[in-house]
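Q: Once you've had a glance at the structure underneath, I'll fire off some questions.
Here, each number is a calculation from the coordinates, and none is a lab measurement. Quick caveat: nothing in here was measured; it's all calculated off a predicted structure. Reconstructed Cβ throughout: ideal geometry from the backbone, glycine too, with neighbour counts over all protein chains shown.
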Amino acid sequence: MGKTASMGDLFGGEAGDGWLNLPRVGTDALADVDIGVIGIGSATPYPVGSYCHDAPDAIRASRSWPTILDQHDFDLFDVVPSSGVIPDGVSAGDLGNLDVVDDAAPEITAENRRRIREAITAMLEAGTSPFVLGGDDSVPIPVLESYCGFEGGPISILQIDAHIDWRDEVGGETQGLSSNMRRASEMAHVGSIVQLAARGIGSARKHEVEAALDYGVAFHTMRRLRESGGIERAIADLPEGVPVYVALDVDSLDPTLMPAVIGAAQGGLDYWQMMDIFEAIEARAPICGFNMVELMPSRDVNGQGALMASRLGLSMLGLMARQIASGPA
Ligand SMILES: [Mn+2]
């Protein structure tokens, strides 16, 4: 197998084992980890297949050179000199990939969801913030279920997605990728839901929009977000100081910037709009978990989508770490 030249080769040294050269950590070390990166390739795929199963490793492979996290990041710190993405006193580690199976058979998906709840619950009980690399958009359902005992709840959800995901079921499947926000709305430990970047056609019929509005979802569609002050107005709908789970579907990005998706919708977010959203969340409420889902490696173009996903993940990791460093002990 040939080895492709990478930034790691340019900078010299051996790449670490984890994403962004993060240390690999075992579940026995959770007590020492503030932010735990975990790959979850599958939960409840539809019969079309688990087309994002390999996304965690695609993201890891795209940006992992030695010292990356020790360098100054102009996107996070502008020209305020920094000694790296993760501040002193904050620890982040890569837990590797959860052992889930790429299969839509009901007994297998039930076991996938059980393993996900077990892993995320263990992280939350240890005080480790979950940082999930999916997987399709069915992954957040068992992840969010795991917050039932979360101290400081009920939590808010900030969803960033081209699609609203309020289908009650698809072909009889209630736990799939089109149903995550409806299932979340049924969880007693979920309060406010704010949904950003909805656009286009295909993710909802009239009664699904009505159900979401009846719940009290604050929708900030893509059209509204791009108006002047739109991002500020959207994030202001999150209750201040209430822990927020950030559920990012990479198809919220414009498909010209993120080709590696199955549900491409024109007119999406660009990189700096996403950064503005992330930073506004950081200023508004403590981020108690994050997932990035729906990267489809087989649709990628020259690795561009995986590179974008890794970059945005790096930004969120840095912002979560900065919050932990500056927040109450
Ligand atoms: Mn979507």
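Q: Can you list, largest first and rounded to whole Å, the semi-axes you get for region 69-175 by taking the square root of 5 times each eigenvalue of its Cα gyration tensor?
A: Largest first, region 69-175 gives 32, 17, 15 Å.
Q: With all pairs of different alpha carbon atoms counted, what Kirkwood hydrodynamic radius in Å does region 7-326 show?
A: After inverting the mean inverse Cα-Cα distance, the result is 19.4 Å.
Q: Using the Karplus equation 6.51 cos²θ - 1.76 cosθ + 1.60 (θ = phi - 60°), what ³J(HN,Hα) coupling, rounded to whole Hz, does each residue of region 291-303 give in order, writing x for Gly and Pro?
A: 9, 10, 10, 6, 6, 10, x, 5, 9, 6, 10, 6, x
Q: Which of the listed residues, A283, A110, G327, is farthest toward the dipole's positive end in the chain, when Lys, Arg count +1 and Asp, Glu count -1 at the beta-carbon?
A: With unit charges placed on the Cβ atoms, the residue in question is A283.
Q: While we're on this one: Of H189, L317, T256, which is farthest towards the positive pole of the chain's charge dipole, taken about the Cα centre with +1 and -1 on the beta-carbons of Lys, Arg and Asp, Glu respectively?
A: Of the options given, the answer is T256.
Q: Can you give me the span-like helices of the chain, meaning DSSP H runs with 30 Å or more of Cα extent along the axis and Kyte-Doolittle mean at or above -0.5? Write out the running numbers ahead of the final one.
A: Working: long enough: 304-326 (33 Å, 0.73).
Taking the DSSP H segments of the chain (at least 30 Å long, mean hydropathy at least -0.5), we get 304-326.
Q: Now for a different question. Under 5 Å between amide hydrogens, which residues at least 5 positions from I193 or on another chain qualify, with H placed 1.01 Å from N in the peptide plane?
A: I157, A218
Q: Testing the spin-label approximation: label points 7 Å from Cα along Cα→Cβ at H207 and A31. State their distance in nm.
A: Each label point is offset 7 Å from its Cα along the Cβ direction, giving 5.1 nm.
Q: Tabulate in residue order the Karplus-calculated ³J(HN,Hα) for region 226-237, using 6.51 cos²θ - 1.76 cosθ + 1.60 with θ = phi - 60°, rounded to whole Hz; enter x for Gly and Pro.
A: Those phi angles translate into 7, 6, 4, x, x, 5, 4, 5, 5, 5, 5, 7 Hz.
Q: Going by how many other Cβ atoms sit within 10 Å of their own, how do T67, T27 line up, fewest first?
A: T67, T27
Q: Moving on. Of the residues F290, F131, F150, which exhibits the maximal mean-square fluctuation in a Gaussian network model of the chain defined by a 10 Å Cα contact cut-off?
A: Looking only at F290, F131, F150, the biggest GNM fluctuation is shown by F150.
Q: What is the fewest-to-most order of Y215, Y147 by other Cβ atoms lying within 10 Å of their Cβ?
A: Result, fewest neighbours first: Y215, Y147.
Q: For region 209-325, what ratio Rg/Rh do Cα atoms give with a Kirkwood hydrodynamic radius?
A: 0.97
Q: Between E186 and D103, what's the calculated FRET efficiency when r is the beta-carbon distance and R0 is 30 Å? Round to 0.05. Write out the running numbers ahead of the final one.
A: Working: r = 26 Å, r/R0 = 0.85.
My answer for the efficiency is 0.75.
Q: Near E107, within a Cβ-to-Cβ distance under 15 Å, what is the net charge of the other residues, with Lys and Arg +1 and Asp and Glu -1? Please report the intermediate quantities before stating the final value.
A: Numbers: positive: R113, R114, R115; negative: D102, D103, E111, E173.
Net local charge, E107 excluded: -1.
Q: Where the centroid of each part is defined by its Cα atoms, how far is region 136-155 from region 22-71 in Å?
A: 18 Å
Q: Then there is this: If you put +1 on each Lys and Arg Cβ and -1 on each Asp and Glu Cβ, how big is the dipole of the chain around its Cα centre, in Debye rounded to 20?
A: Using Cβ point charges on Lys, Arg, Asp and Glu, the chain gives about 520 debye.
Q: So, one more: Divide by every residue of the chain the summed helix terms, -39500 (n - 2.57) for each DSSP H run of at least 4, and state the resulting mean residue ellipticity at 222 nm, rounded to the nearest 500 deg cm²/dmol.
A: -9500 deg cm²/dmol
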